[in-house]
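Below: the structure, in structure tokens.
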Amino acid sequence: MSHDGSQSHDPSESESGDTSSEESGAQHRLVTHADPSQPIPTSTKARAKRRIAALEEELETLRNERGSKQRKTTYYVAQGRAIRRMVTLYATLEDLIGENDRRYESMSLTDEPTTPEQDILQAGYLELTRTLPWVHTKLGTLDHEECQDMLKKLKKGADAARGDDTSSLKDLVAGWVNQEFRPTPLIRPDDKHSRGFANDVCGKLLCPAEWDWDKTCVKAGIRDRTTEFIVSENSWPLFMYEHYKVNTDNLEEGFLKSKLLVLAFKAIFTSPSSAKEVDGDGDGADILENNRRARRKSDQAKVKTCVRFALSGISSWRTVDGDFDYEAFWTNIVAFFEVVPGPVTRRRVDKLLEWWTRKIFGTNHRQDLTPDVVSQMSVNTLAEQRRMLEDAAFDSD
């Protein structure tokens, strides 16, 4: 009550009364609402809550999509690093996919012969499906834009790995050559301009097998780039031969068995530290998982190509160095393993690949662990002794 006798009204009560009245009126109108085109009144506070909740849900969706996209990008780039190492050093993924599609589409139409280049592309696609088996499935389920995005990210990873490998070998090869040949002056790991045919040791290793680098006329002819001494991908460099010596009457003798190649293969496919020792067979680590890697023709070709680049005087990766075409060189190495005249040569190639498996990963004799042999080993022997002691204690009780 007020001093004048009238009743005082609490504003909150009035506001509450108004709200109650509004809600009561809304409920009444909800019941009696006759015009279906008009909205039913709602609370301002309730509408704000619903709008905030919708915005929060939209924001969370955007965050999840961005996170998913980033994870997908990271995955594709990481998986793509295997392509230049284990599938193909030069061909694009689009070319591999296109050749496989072309063959499938023309399979029932014609038996036209394929070219060696097409065969190499198809072999590359098959290797791709073995190395990254999920790619073939993705190509059949993703739309065109998503496929292009996936291939772009795979290529990014592939080219990054090739850059890392060539950069690592640039430093490592300099150290290996210095250690084995003791050139004067020593080759600087950070300098490519002092390599190539201008350097006596690198020049000898790069010299085609059919010529003798120690002859003055050969050395001068190569350095002057005369027509009598054209260095191209049509010659096997000396660094590819065991002990860096060649038998011109049998050019396959010692081919692809040089110490430099083994060091490079280990540095790329196992680890740089594993390349410290190559005189014996490998240590056998992870042989069950990895021995197929030394047998991959693309891996072999990649190492030889990268070593040739590391010995050369060019400072950045490119396909052609003077008269030497690296892509054609890579193709020649793949053809050495793939294109053979008959079963006798195939056996020699298989024997060479077995040599590489032993050299990189060691030997494995698990197939000789028969049940009889295993039963005599200490794990089973100890278990049997424990059983016998337990039986003896039980009998004594």
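Counting only residues that are surrounded by fewer than 14 Cβ atoms within 10 Å (Cβ to Cβ) and not small (Gly, Ala, Ser), which one in the range 339-349 is nearest to Ser235 (Cα to Cα)? Looking at the filtered set, the residue picked out is Val339.
Listed here are the residues, each with its yes/no results for (1) in contact with an Asp or Glu (Cβ under 7 Å, 6 or more places away or on another chain); (2) at pLDDT 90 or above; (3) on the phi > 0 side of the Ramachandran plot.
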position: Asp299; (1), (2), (3): no, no, no
position: Arg308; (1), (2), (3): no, yes, no
position: Leu311; (1), (2), (3): no, yes, no
position: Ile314; (1), (2), (3): yes, no, no
position: Leu352; (1), (2), (3): no, yes, no
position: Ile360; (1), (2), (3): no, no, no
position: Leu389; (1), (2), (3): no, yes, no
position: Asp397; (1), (2), (3): no, no, no
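Quick grid of which residues meet (1) on the phi > 0 side of the Ramachandran plot; (2) among the basic types (Lys, Arg); (3) under 22 Å from the mean Cα position of the chain (by Cα):
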residue	(1), (2), (3)
Lys45	no, yes, no
Asn64	no, no, no
Ala78	no, no, yes
Arg81	no, yes, yes
Ala91	no, no, yes
Arg102	no, yes, no
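For every residue, the table says whether it meets (1) touching a residue at least 60 places away in the same chain (Cβ under 8 Å); (2) within 20 Å of the chain's Cα centre (by Cα); (3) farther than 24 Å from Val77 by Cα.
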residue: Tyr125; (1), (2), (3): no, yes, no
residue: Pro133; (1), (2), (3): no, yes, no
residue: Gly140; (1), (2), (3): no, no, no
residue: Glu146; (1), (2), (3): no, no, no
residue: Asp165; (1), (2), (3): yes, yes, no
residue: Val173; (1), (2), (3): yes, no, yes
residue: Pro189; (1), (2), (3): no, no, yes
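Against the numbered list (1) open to solvent by less than 50 Å² (accessible area, probe 1.4 Å); (2) closer than 17 Å to Glu338 by Cα, Thr114 comes up short only at (1). For Glu94, the conditions (1) open to solvent by less than 50 Å² (accessible area, probe 1.4 Å); (2) at pLDDT 90 or above all hold with the exception of (1). Remark: pairs (first residue in the range 346-359, in contact (Cβ under 8 Å) with a residue 60 or more places away in the chain; second residue polar (S, T, N, Q); Cβ separation under 7 Å; 6+ apart in sequence or on different chains) = Thr357/Asn291. Residues that are modelled with pLDDT under 70 and of a type outside the set (Gly, Ala, Ser) were ranked within the range 37-70; the one that is nearest to Lys153 (Cα to Cα) is Lys69.
When the range 86-136 is filtered for residues that are of a type in the set (A, V, I, L, M) and closer than 20 Å to Gln148 by Cβ, the ones remaining, listed by number, are Val87, Ala91, Leu93, Leu96, Ile97, Leu121, Leu128, Leu132, Val135.
The values are calculated or read from the model by the stated rules, or taken from the named source; none is laboratory data. This one's a predicted model, so the numbers in the text were calculated from it and none came from an experiment. So basically every Cβ, Gly included, is an ideal-geometry build from the backbone, and we count neighbours across all protein chains shown. Protein only, heavy atoms only, side chains kept; ligands, DNA and RNA dropped before computing areas. Shrake-Rupley method; radii C 1.70, N 1.55, O 1.52, S 1.80 Å.
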